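Please treat every number below as a calculation from the coordinates, not as lab data. All values reported here derive from a predicted model rather than from experimental measurement. Every residue, glycine among them, receives a Cβ derived from its backbone with ideal geometry; neighbour counts consider all protein chains shown.
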Amino acid sequence: MPPFAALKANELPSDITAMTATQLSVAIRQRAVSCREVMRAYLARIERYNPVYNAIVSQLDTDELLGLADVADQDLDRGIVHGWMHGMPHAVKDLANVRGLPTSYGSPLFAGTIATDDDFSIARIRTAGPIFIGKTNAPEFGFGSQSYNPVFGATGCAYDAALTAGGSSGGAACGLATQMLPVADGSDMMGSLRNPGAFNNVIGFRPTQGRVPDPSGDLFYQQLATDGPMGRNSEDTFRLLCTMAGMHPTSPLSLRDSLPSAEHFVALPLRNVKIGWLGNYSGYLEMEPGILALCESALHSLARSGAIVEPCAPNFQMPRLWETWLTLRHWSANWARPLYDDSATRELLKPEVVFEVEGSLGLTAERVYAAGTARADWFRALGKLFAEYDFLALPTAQVFPFPKDVHWPPRINERDMDTYHRWMEVVIGGTLGGLPIVNVPVGFDPQGRPMGMQLIGPFGEDRRVLELARAYEQVTNFLDQRPPM
């Protein structure tokens, strides 16, 4: 694709919803399409397909949205462009607040609650000029990599609506893959941008910790989750990242460096780039058959283009990493203690929330300190790998998309999963390292189920990770394989 500034209207797809977000931005600014035409095209697609997939929730009235699109066109008539997303429809993950829209968190306790203010990252997206059309579905309070909840139901995989879209940014990923959204925001604690990216064959990017600041709540200790972007390709993903990212003075751990303009985003030259393949951590992780083979085949595509791919392993006891995760995850869930303590509200909490809160009740300072020390040791172990490799790679999930009426896989192969999230253990290394990670697609199994691979970079190297993803897109065609609708 030509650089953003060089795109011409006659080079754009005729189908509005088939345009990438970058192409759509050009088409709107060059007046090749009106904001009203864009809104009508997306609303028609949502009306046709959302009843099947259930990705978009709390959608605003059609006439209201068309009226907002008319206002965006009137601004263009006056030469006013509010940003690169001017007039584009955008739906926000239902764990974040958008002024004037419901925030349900997938919970009957909060269903229909109208937000009075934007969350910080959403406020930054608003400055880029989109029209907020509604929310994207997510699991209750974001617990679990399966986007179902008692308020809106389950979101289906874009490639088979009977399967899960993953989570917790499942509605966002499915909305992207089915072309009901041009670009999407989400959040990631335990793979919540990466897992649904893999399950829907789109790009999901977890930024370096502190790249997208959150100046609310605990500013120092709770450093597991982060907001981030998703896109149909790496360029759109980087463009939204640039919108969401940037230091904030009241977020002390936010990064002080700046990302370059999205116009400078290019594919990383692959020759002699060294990639360490972590695989299944030398047999520690159980994987559904076919996942490792798809990832290794995709890595061969990089190797044929000049990259050096070698197997590697961290010098770390992986059970210790899981224990670290359990401790810090329990600790981070203590915010729900008031809901747990009230017997009336406890009855309305999903079992996973209860599990996490009860796990937090007996935590001691000694155990939390040990988890913090282990996390630091893990970061140092990764640092030793990055002294030898430019990037690390491993699968994004340990199972392919499963039926959406199954809350979580009880076993992988013959190994029982002892918690609701053990089947996603593959993502905790990147989270605990606070590193930039992109999910890239690696293809499909014989049943047509998508899978992805995590490409991980050193701390702070968000741009290079996404530029590696762009180079990967140029030597593979997985993103071109859109779902049969």
Query raised in the report: Taking N as the number of residues in the chain, what is its alpha-carbon radius of gyration divided by 2.2 N^0.38 Å?
Result: 0.92
Report summary line: Taking Cα atoms only, Rg over Rh for the stretch 90-148 with Rh from the Kirkwood formula is 0.97
Query raised in the report: What FRET efficiency comes out for the pair ALA18/TYR284, r = Cβ-Cβ distance, R0 = 41 Å, nearest 0.05?
Result: 0.45
Query raised in the report: Mean shadow of the stretch 191-233, computed from the convex hull of its alpha carbons, in nm²?
Result: 3.2
Report summary line: Note on the stretch 387-485: contact order normalised by length, alpha-carbon pairs under 8 Å, 6 or more apart, percent, works out to 29
Query raised in the report: Hey, can you rank 179-188, 14-23, 214-223 by average C-beta count inside 10 Å, highest first?
Result: 179-188, 14-23, 214-223
Report task. Provide the three semi-axes, in whole Å and in decreasing order, of the ellipsoid equivalent to the stretch 163-297 as defined by the square roots of 5 times the Cα gyration tensor eigenvalues. Result -> 26, 19, 18
Query raised in the report: Once both labels are modelled 7 Å past Cα along the beta-carbon direction, what's the LYS384-ASP70 spacing in nm?
Result: 6.6
Query raised in the report: Does the stretch 26-79 come out rounded, prolate or oblate, given a ≥ b ≥ c as the square roots of the eigenvalues of its C-alpha gyration tensor, rounded meaning a/c under 1.5 and, failing that, prolate meaning a/b above b/c?
Result: prolate
Query raised in the report: If you take the square roots of the eigenvalues of the alpha-carbon gyration tensor of the stretch 355-438 and sort them as a ≥ b ≥ c, do you get rounded (a/c under 1.5), prolate (a/b over b/c) or oblate?
Result: oblate
Query raised in the report: Can you give the calculated 222 nm mean residue ellipticity of the chain, where each DSSP H run of n ≥ 4 adds -39,500 (n - 2.57) and the sum is split over every residue, rounded to the nearest 500 deg cm²/dmol?
Result: -10500 deg cm²/dmol
Query - Rg and Dmax of the stretch 1-152, Cα atoms only, in Å - result: 16.3, 50
**Report entry** Hydrodynamic radius (Kirkwood) for the stretch 62-112, which is based on Cα pairs only, to one decimal in Å
**Finding:** 13.0
Query raised in the report: From the residues VAL38, LEU392, PRO215, which one has its Cα farthest along the dipole of the chain in the positive direction, the dipole being from +1 and -1 charges on Cβ of Lys/Arg and Asp/Glu about the Cα centre?
Result: LEU392
Report summary line: Checked the stretch 223-329 against the a/c 1.5 cut and the a/b vs b/c comparison, axes a ≥ b ≥ c from its Cα gyration tensor; verdict oblate
Query - the chain, dipole about Cα centre (Lys/Arg Cβ +1, Asp/Glu Cβ -1), debye to the nearest 20 - result: 820
Report task. Normalise the Cα radius of gyration of the stretch 342-485 by 2.2 N^0.38 Å (N = residues in it) and let me know the number. Result -> 1.30
Query raised in the report: Most exposed first by the Cβ proxy, i.e. fewest other Cβ within 10 Å, how do THR127, THR208 rank?
Result: THR127, THR208
Report summary line: Taking only the alpha-carbon positions of the stretch 275-382 as identical scatterers, the Debye log10 I(q)/I(0) at q = 0.20, 0.23, 0.24 Å⁻¹ comes out as -1.01, -1.14, -1.18
Query raised in the report: Which of VAL26, SER104, ALA72 sits closest to the plus end of the dipole of the chain, meaning its Cα is farthest towards the positive end, when Lys and Arg get +1 and Asp and Glu get -1 on the C-beta?
Result: VAL26
Query raised in the report: Distances over 15 Å make up what percent of all Cα-Cα pairs in the stretch 414-476?
Result: 62
Report task. Using Cα pairs closer than 8 Å and at least 6 residues apart in sequence, work out the relative contact order for the chain, in percent. Result -> 16
Query raised in the report: What is the sum of charges around ASN137, taking Lys and Arg as +1, Asp and Glu as -1, for the other residues whose C-beta is under 13 Å from the C-beta of ASN137?
Result: +1
